[in-house]
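Visitor: Below you will find the structure I want to go over with you.
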Amino acid sequence: MYSRQVGEQELTFGVSGMLYKANVLMYDRQTESLWSQVRREAVTGPMTGARLKVLPSTLTTWQKWLKKQPQTEVLSMDTGYSRNYSRDPYADYYESRKGFLSFFKPGPGEEEKALVAGITLDGSARAYPLALLRQKNVLTDNLSGTTLTLTYDPKSDQVSVRTADDQEIVPLILYWFVWKGMYPESSLFRVDEE
């Protein structure tokens, strides 16, 4: 999730319908610049090179969310249209082991659509398998000379990342093949690196 505030301007974003390296490009309605979600920046148009500030968010189940936020309200499915909103149009994609339009060739022990927590720091990028974080709850690593502690909270299903001097780094939770497509130099964290 990103802040809509870029410099002095508050932007309104939409989905462009275009893909770049198997990831949807957003556009802003003010300048029609295209924005990479994963790279957090405008890639074409007047805003090219402008960066988005990442806001903390989580990928969780409705059950876990409701337990933590019981006052949450949900939009009505009574929209006046005959669409079946209980059917997820992407269900087949989520169940597939193959990424959409992916040319990624996973290495030994890698799964193309494994969920990862992606982090960039001082020009370096690394992905941390979400399954490993859920298993271990805490991982430590050194990225670009900075010691990182990644913590998984099973109650909120959230990953937090802090440096040794207690600065927060907000990770992106996404598929490994999408992260690797955007950051080809990125490595995948392995337990033996701890």
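Visitor: For the chain, what is the calculated [θ] at 222 nm in deg cm²/dmol (nearest 500), taking -39500 (n - 2.57) for each run of four or more DSSP H residues and dividing by its residue count?
Guide: Values: 4 runs with 26 residues, N = 194.
Counting only the DSSP helices, I get -3000 deg cm²/dmol.
Visitor: So how far apart, in nm, are the two label points at GLU8 and SER57 if each is 7 Å from Cα heading toward Cβ?
Guide: 2.8
Visitor: Also, I was wondering about something else. Among (1) 54, 41, 36; (2) 59, 31, 27; (3) 54, 43, 41, only one was calculated for this model; which label is it, if the read-out is Cα extents along the principal axes in Å?
Guide: After the calculation, the listed value that fits is (1).
Visitor: Could you give the length gained by full extension between ASP153 and GLU95, i.e. 0.36 nm per residue of separation minus their alpha carbon distance, to one decimal place?
Guide: On the way: separation 58, 0.36 × 58 = 20.88 nm, distance 2.47 nm.
The ASP153-GLU95 span can extend by a further 18.4 nm.
Visitor: Tell me, Kirkwood radius of segment 109-155 from alpha-carbon pair distances, in Å? Don't skip to the answer; put the middle values down first.
Guide: Details: mean 1/r = 0.0869 Å⁻¹.
Averaging 1/r across every pair of different Cα atoms and inverting gives 11.5 Å.
Visitor: Using modelled amide H (1.01 Å from N, peptide plane; none on Pro or chain starts), what sits under 5 Å from the amide H of LEU143, excluding residues fewer than 5 places away?
Guide: Those lying under 5 Å, H to H, from LEU143 are LEU148.
Visitor: Here is a further query. Measure up LYS21/LYS67; LYS53/LYS155; LYS68/LYS136 against 28 Å on the Cα-Cα distance and list the ones that go over. Can you show the working numbers first?
Guide: Numbers: LYS21/LYS67 36 Å; LYS53/LYS155 26 Å; LYS68/LYS136 22 Å.
Table pairs above 28 Å Cα-Cα are LYS21/LYS67.
Bear in mind that the values in this text are calculations on the coordinates, not laboratory data. Because the structure is a prediction, the values reported are computed rather than measured. Glycine also receives a Cβ, built like all others from the backbone with ideal geometry; neighbour counts cover every protein chain displayed.
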